[in-house]
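Asks: This is the structure I have questions about; it appears just below.
The values are calculated or read from the model by the stated rules, or taken from the named source; none is laboratory data. The structure displayed is predicted, hence computed values, not measured ones. Cβ atoms come from the backbone with ideal geometry, glycine included; neighbour counts cover every protein chain shown. The area values use the complete protein model at the heavy-atom level, side chains included, leaving out ligands, DNA and RNA. Shrake-Rupley method; radii C 1.70, N 1.55, O 1.52, S 1.80 Å.
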Protein chains: 2
Amino acid sequence: MFLFLILYICPKLINLLNLIIMDTNMEKPYVVGMDIGGTNTVFGIVDSRGNVLATDSIKTQSYATIEEYVDAVCSKLLPLIDSMGGVEKIKGMGVGAPNGNYYKGTIEFAPNLPWKGIIPLAALFSEKIGVPTALTNDANAAAIGEMTYGAARGMKDFIMITLGTGVGSGIVINGQLVYGHDGFAGELGHVIMRRENGRLCGCGRKGCLETYCSATGVARTAREFLVARSEPSLLRSIPAEEIVSKDVYDAAVKGDKLAQDIFEFTGRILGEALADFVAFSSPEAIVLFGGLAKSGDYIMKPIQNALDENVLPIFKGKTKLLLSELKDADAAVLGASALGWEAK
Amino acid sequence: MFLFLILYICPKLINLLNLIIMDTNMEKPYVVGMDIGGTNTVFGIVDSRGNVLATDSIKTQSYATIEEYVDAVCSKLLPLIDSMGGVEKIKGMGVGAPNGNYYKGTIEFAPNLPWKGIIPLAALFSEKIGVPTALTNDANAAAIGEMTYGAARGMKDFIMITLGTGVGSGIVINGQLVYGHDGFAGELGHVIMRRENGRLCGCGRKGCLETYCSATGVARTAREFLVARSEPSLLRSIPAEEIVSKDVYDAAVKGDKLAQDIFEFTGRILGEALADFVAFSSPEAIVLFGGLAKSGDYIMKPIQNALDENVLPIFKGKTKLLLSELKDADAAVLGASALGWEAK
């Protein structure tokens with residue numbers, strides 16, 4: 001009879017606990033998402049349906065010490081939080097950062113950031129803002145965003161490639177983000193694409209994918225092509241050191257052959273790399289994210305062609321090449337924010 | 001009171017069911033493991049503790065049709081099964097095969113096998129022998145063996161590289177084999193290592209890792225080096241077309257500089273490839289398996305050096321380079337057999 005009582009009471013207790021937990025969630029209906037890019041840091045408040053309710057940003061490179069940086073973020077983020085009802089409405093904070101270690105909440109030796117060594121970023125924000133904070137690679141965060149709200153909805157195996165200042169990646173296998181044994185897996189921007197005479201990379205090595213297929217890689221290709229070739233080009237009207245990938249796109253749209261060739265060159269190298277990635281995890285789709293991916297057929301056609309030509313026959317035509325379905329700013333903030341719900 | 005009775009009786013029923021299931025396992029105490037290599041097909045009977053109790057083999061290439069091949073395997077396998085008490089003692093059969101599709105139980109377009117197209121191998125054996133049969137990539141099977149009985153015991157993130165007639169791989173992430181969306185993931189022997197003037201591969205493309213770092217790749221390097229260089233070498237006493245990787249090892253052990261350089265060349269390319277693999281999944285260890293891996297420091301030193309020199313700084317010194325701890329023949333059979341326990 002005692003057993004009966006226990007078995008009868010236990011489910012009631014569990015229900016009660018669930019109600020308490022649900023109540024807590026309703027009392028804390030928002031999370032903070034923050035994306036630390038090489039250029040900009042964007043942060044925002046997100047609700048449980050994935051609506052980005054308020055955002056702001058600062059320049060990442062303007063702060064020599066991590067303390068100054070955290071203070072600068074907080075000076076803009078805390079007013080946002082206050083406008084949503086204060087910190088007691090925030091369930092947690094998720095951060096996407098280069099070289100972010102999911103297991104430890106640290107940024108470790110990020111080549112594109114001004115703060116060197118191991119930075120305990122999650123702990124710093126958790127202390128300053130007073131909410132549990134989790135952290136991962138910025139591209140992993142974007143992949144979570146894409147899986148939850150974007151082009152990879154419902155997929156269990158896909159690779160997200162972010163084409164920004166650098167090239168990042170988030171790999172999802174069996175429905176799980178791949179963090180690796182140390183929390184840093186998925187650095188596909190740093191596979192070597194040119195083993196001889198490869199371009200020097202910010203990581204200290206040569207020939208990394210990132211040196212060719214990032215926005216800065218495209219600008220670098222433009223400068224190389226302008227020196228190596230003598231034909232006229234709209235790009236010649238811009239001082240070489242000031243050319244950015246957007247200039248190349250604008251020239252390509254106006255029919256500039258040299259600019260179109262720059263995208264052809266960039267797309268082919270990316271397609272070759274994607275073919276190798278397919279041999280690794282045979283994803284259902286590769287999702288491209290970032291400004292470069294929006295250069296339309298100028299870049300998508302050479303990527304698709306090089307992928308088709310270089311992929312192992314057994315994988316031919318199987319992996320979809322997709323564009324991110326998330327708005328640029330939102331994707332990173334949304335993805336990072338998803339971590340906030342589970343932060344402890 | 002009725003509820004009480006149900007709650008009291010249920011655990012008893014579950015116990016009874018468990019006993020019936022255990023009894024079935026005890027009545028079927030063995031599995032069959034089979035490894036289909038480009039050269040040999042090895043099969044054996046394995047018990048639940050991973051003891052390989054009996055094995056036999058046939059030559060893979062001697063049978064033009066898949067029916068002849070299955071008959072040839074069965075003519076040697078069925079007597080083994082009979083010697084263990086008959087087919088009613090066999091729980092299931094697991095097969096490791098090139099281009100093996102875990103989801104469908106098929107071999108699909110395997111470039112190194114004589115049977116073209118899609119071969120429903122699991123179904124053929126299941127019908128012929130009368131036990132449930134599961135199938136995967138031969139290297140995936142080896143990885144399962146290594147995880148269960150070998151150098152990767154207890155690891156959740158590792159990559160197995162098999163250096164045989166070809167180069168295969170089995171990738172374990174979060175404790176799970178990576179099959180990809182189509183069942184074919186983990187073809188790391190076919191990442192492109194030389195994009196210009198790469199060697200022609202059996203897959204129809206050029207510059208694959210396999211063309212350099214398989215046993216046949218080593219023999220190919222030997223022939224290239226003997227033509228390109230004029231110094232004396234023990235290898236010159238062997239007709240060029242007959243050189244195999246074992247000859248190169250034997251010459252290296254005798255102090256032959258050219259033979260040692262062949263291993264240096266092979267090891268460096270493999271180390272470069274491993275550095276890229278680490279960027280993907282950041283494994284705790286990479287386990288090397290196969291004859292080549294047993295060439296000691298001649299090959300292991302250049303692999304380790306090239307890995308250290310080429311790996312992204314964030315991963316430096318983190319990934320262990322290990323040798324398989326399984327006996328050659330046993331590893332493949334053991335790994336494949338592990339699939340047999342779960343075959344349905």
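Asks: How far is residue A:320 from itself in the other copies, in nm, if each label sits 7 Å out from Cα along the Cα-Cβ line, shortest first?
Replies: 4.1
Asks: Using a 1.4 Å probe and ignoring any ligands, DNA or RNA, find the accessible area of residue B:341 and quote it in Å² to the nearest 10.
Replies: 70 Å²
Asks: Where in the range B:158-175 does accessible area fall by at least 10 Å² between the isolated chain and the complete protein assembly, at a 1.4 Å probe radius?
Replies: In the range B:158-175, residues shielded by partner chains: B:171, B:173, B:174.
Asks: Taking residue A:301 as the anchor, which lysines have their alpha carbon closer than 29 Å to its alpha carbon, excluding any fewer than eight residues away along the same chain?
Replies: The qualifying lysines are A:156, A:206, A:246, A:254, A:257, A:316, A:318, A:320, A:327, B:206.
Asks: Label-to-label distances across copies for residue A:246, with labels 7 Å out along Cα→Cβ, in nm, shortest first?
Replies: Going from nearest to farthest copy, the values are 6.6 nm.
Asks: Could you list, bin by bin from short to long, the percent of Cα-Cα pairs of the protein assembly as shown in 10 Å steps?
Replies: 3, 14, 21, 22, 19, 13, 6, 2, 0, 0
Asks: Run the reach check for residue B:28 against aspartates and glutamates, Cα to Cα strictly under 19 Å, same-chain hits fewer than 8 apart removed. What comes back?
Replies: B:47, B:82, B:88, B:127, B:342
Asks: How large is the direction-averaged shadow of the alpha-carbon convex hull of the range B:77-175, in nm²?
Replies: 7.4 nm²
Asks: Also, quick follow-up: Give me the percent of Cα-Cα pairs in chain A that sit more than 36 Å apart, rounded to a whole number.
Replies: Everything past 36 Å amounts to 26 percent.
Asks: While we're on this one: With labels modelled as points extended 7 Å from the Cα through the Cβ direction, what inter-label distance (nm, one decimal) is found for residue A:53 paired with residue A:257?
Replies: 5.6 nm
Asks: Same structure, new question: What nm distances, shortest first, do you get from the label point of residue B:148 to those in the other copies when the point sits 7 angstrom along Cα to Cβ?
Replies: Nearest first, the other copies' label points are 3.8 nm away.
Asks: Please report, to two decimal places, log10 I(q)/I(0) for the range B:175-302 at q = 0.14, 0.15, 0.16 Å⁻¹ as given by the Debye formula with identical point scatterers on the Cα atoms and no solvent.
Replies: Ignoring solvent entirely, the Cα scatterers give -0.66, -0.74, -0.83.
Asks: What distance in nm separates the two pseudo spin-label positions at residue A:148 and residue A:68, each 7 Å out from Cα along the beta-carbon direction?
Replies: Those two pseudo-labels are separated by 3.3 nm.
Asks: Oh, and also: So what is the calculated 222 nm ellipticity per residue for the protein assembly as shown, using -39500 (n - 2.57) for each DSSP H run with n of 4 or more, over all residues, to the nearest 500 deg cm²/dmol?
Replies: Details: 20 runs with 292 residues, N = 688.
Mean residue ellipticity, 222 nm, calculated: -14000 deg cm²/dmol.
Asks: Next question. How far, in nm, would the chain grow between residue A:156 and residue A:104 when pulled straight, counting 0.36 nm per residue and subtracting the alpha carbon separation?
Replies: Fully extending the segment from residue A:156 to residue A:104 adds 16.2 nm.
Asks: Quote the FRET efficiency, to the nearest 0.05, computed for residue A:116 versus residue B:229 with a Förster distance R0 of 41 Å and r equal to the Cβ-Cβ distance.
Replies: The formula returns an efficiency of 0.35 here.
Asks: So which helices of chain A fit the span-like rule, where a helix is a whole DSSP H run, its Cα atoms reach 15 Å or more along the axis, and its mean Kyte-Doolittle is at least -0.5?
Replies: A:2-27, A:66-83, A:138-149, A:215-228, A:257-281, A:328-342
Asks: Rounded to the nearest 0.05, what FRET efficiency is calculated for residue B:241 and residue B:76 with R0 set to 35 Å and r the Cβ-Cβ distance?
Replies: Working: r = 31 Å, r/R0 = 0.90.
For R0 = 35 Å, the calculated efficiency reads 0.65.
Asks: Any idea what log10 I(q)/I(0) is at q = 0.16, 0.17, 0.26 Å⁻¹ for the range A:137-227, Debye with uniform C-alpha scatterers and no solvent?
Replies: Debye intensities relative to I(0), on a log10 scale: -0.68, -0.74, -1.21.
Asks: If you count, for every residue in A:308-317, the Cβ atoms of partner chains within 10 Å of its Cβ, what is the mean?
Replies: Mean shielding count: 5.
Asks: Express the carbon and sulfur contribution to the solvent-accessible surface of chain B as a percent, rounded to the nearest whole number, probe 1.4 angstrom. Each step should come with its number before you reach the end.
Replies: Numbers: 8180 of 14520 Å².
C and S atoms contribute 56 percent here.
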